[in-house]
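Asks: Structure below; questions to follow.
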Amino acid sequence: MFHIADPKEVIDGKITDVYFERSLQILKAKRINPLVRAEFITKSLPEDWPWAIFAGLDEAMYLMKHLPIKVRAMREGAIFYPFEPVMEIEGRYQDFCVYETAILGLICQASGVATKSARLKKLAGDRLVVSFGARRMHPVLAPMIERNAYIGGCDGVAVVKSGEIIGEDPMGTMPHALILCFGSTVEALKAYDEVIDEKVKRVALIDTFLDEKFECLNVAEALGGRLHAVRFDTPASRRGNFYRILKEARWELDLRGYKHVKFFVSGGIKEEDIPVLNPVVDGYGIGTSISNARVVDYAMDIMDIEGKPFAKRGKWSGRKRVLRCAVCHKGMIVPLDERDYGCECGGATYDVLIPVLDKGNYLIDMPSHKSIREYVLTQLKAIGDRL
Ligand SMILES: [Zn+2]
């Protein structure tokens, strides 16, 4: 059997750290059940990221709609900065205390994957970025990971089920196994061209047997104008100067009239590789960097009890507004009852924490995965060069 929880067990509060269950037992025995406001917040981001993407809200709301609580949150896909609460819940503590583990789990990992994807897409610019990392994680999580990779900015996902969920055709080329089964890159490519639906672009994997330069020419000669791209998945042991290999292959293809053939690279691509490879690359397949992205370490902190500001050491008490400048994207955190004021740059500000859920009723229309992705890409332009 798979060592996973059933979704119903998550909704029933079974995925909880036992100390919450014990707390509930004590609070019930002593008849203590205050009205509590708690916020989800991180004081710092992994790898010194200056900003992150808030993701996982739709799944968190799917869980929280079963609880008698009110929720304010940033829109899914919002870029936020450390110390800005991304979500606030309000309710009787006994009604939601056992859900802290699950709610955090839904937003911490989703936000980490979406942020990493956004950073990679920002670096790659107009070049294609495709999520290839499903195989690094438990398969039941693949659609969740790839959905968040997609909303973070990836142009496509590889797994069939993920494509169904986000409403896009999955993207892929060919595995080394197919070429090994044929014993020849060109024969495997010809068979691919014969069998696979015309709407799928022909991308040849060219690092299986021969030198990349010569194999590029072989596949270009075999398919001519039908060849859309070649994929370089060159093993690390052969890579040497990857940029120079690509540059040389580009030269040889161009010289023979194959300027239309695009270059797609994969295999352990990291953020720092992208600026180096951009001049010769048209697309990236990125696996582990995305699927194993660092999580965003949100904590859930009580900051108001029975309407009175009250928080632990190290946390700011009281309910808050998070304001965002429409011009420079700067963030401001002010008390909830503070009236509007503009940014120091002169720009107008707007609230990013908005009511989203009231005791099971959605207060916002849930956006499509595609429109969340577009929202992320718009903000990535607005924040300038900060990475
Ligand atoms: Zn401003």
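Asks: Mind counting the residues in region 92-103 that are of a type in the set (A, V, I, L, M) and either in contact with a strand residue (DSSP E or B) (Cβ under 8 Å, 6 or more places away or on another chain) or open to solvent by 40 Å² or more (accessible area, probe 1.4 Å) (or both)?
Replies: The total comes to 1.
Asks: Taking region 286-302, which residues are open to solvent by less than 50 Å² (accessible area, probe 1.4 Å) and farther than 20 Å from ALA60 by Cα?
Replies: ILE286, GLY287, SER289, ILE290 - these are the residues of region 286-302 that are open to solvent by less than 50 Å² (accessible area, probe 1.4 Å) and farther than 20 Å from ALA60 by Cα.
Asks: Tell me yes or no: at least one residue of region 353-360 is buried (at least 17 other Cβ atoms within 10 Å of the Cβ), assigned to a loop (DSSP other than H, G, I, E, B) and either free of Cβ contacts under 8 Å to residues at least 60 places away in the same chain or within 16 Å of the ligand (Cβ to nearest atom) (or both).
Replies: Taking every residue of region 353-360 in turn, none turns out to be buried (at least 17 other Cβ atoms within 10 Å of the Cβ), assigned to a loop (DSSP other than H, G, I, E, B) and either free of Cβ contacts under 8 Å to residues at least 60 places away in the same chain or within 16 Å of the ligand (Cβ to nearest atom) (or both).
Asks: Output the residue which, of all residues in region 315-339 that are away from the ligand (no atom under 16 Å from the Cβ), part of a loop (DSSP other than H, G, I, E, B) and not polar (S, T, N, Q), is surrounded by the fewest Cβ atoms within 10 Å (Cβ to Cβ).
Replies: ARG339
Asks: Additional query: Consider GLY342 carefully, then state whether it is modelled with pLDDT under 90, within 16 Å of the ligand (Cβ to nearest atom), more than 28 Å from the chain's Cα centre (by Cα) and surrounded by 14 or more Cβ atoms within 10 Å (Cβ to Cβ).
Replies: When the stated conditions are applied, GLY342 passes them.
Asks: Looking at region 361-387 only, could you name the residues that are free of Cβ contacts under 8 Å to residues at least 24 places away in the same chain and of a type in the set (Lys, Arg)?
Replies: Across region 361-387, the qualifying residue is only LYS381.
For (1) surrounded by fewer than 20 Cβ atoms within 10 Å (Cβ to Cβ); (2) in contact (Cβ under 8 Å) with a residue 24 or more places away in the chain; (3) part of a helix (DSSP H, G or I), each residue gets a yes or a no:
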position	(1), (2), (3)
ARG72	no, yes, no
GLY77	no, yes, no
GLY105	yes, yes, yes
GLN109	no, yes, yes
LYS122	no, yes, yes
ARG135	yes, yes, yes
TYR150	no, yes, yes
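Asks: Restrict the check to region 294-314 and report whether at least one residue is touching a residue at least 40 places away in the same chain (Cβ under 8 Å), within 16 Å of the ligand (Cβ to nearest atom) and either out of contact with any His (no Cβ under 7 Å at 6 or more places or on another chain) or over 30 Å from ILE11 (Cβ atoms) (or both).
Replies: no
Asks: Anything in region 361-387 that is touching a strand residue (DSSP E or B) at 6+ places or on another chain (Cβ under 9 Å), farther than 22 Å from GLU146 by Cα and more than 14 Å from the ligand (Cβ to nearest atom)? List them, or say none.
Replies: TYR362, LEU363, ILE364, listed by residue number.
The values are calculated or read from the model by the stated rules, or taken from the named source; none is laboratory data. The shown structure was predicted, so the numbers you read here are calculated from the model rather than taken from an experiment. When we count neighbours, we look across all protein chains shown, and the Cβ atoms used for this are built from the backbone with ideal geometry, even at glycine. Keep in mind that these areas ignore ligands, DNA and RNA; they rest on the heavy atoms of the full protein, side chains included. Shrake-Rupley method; radii C 1.70, N 1.55, O 1.52, S 1.80 Å.
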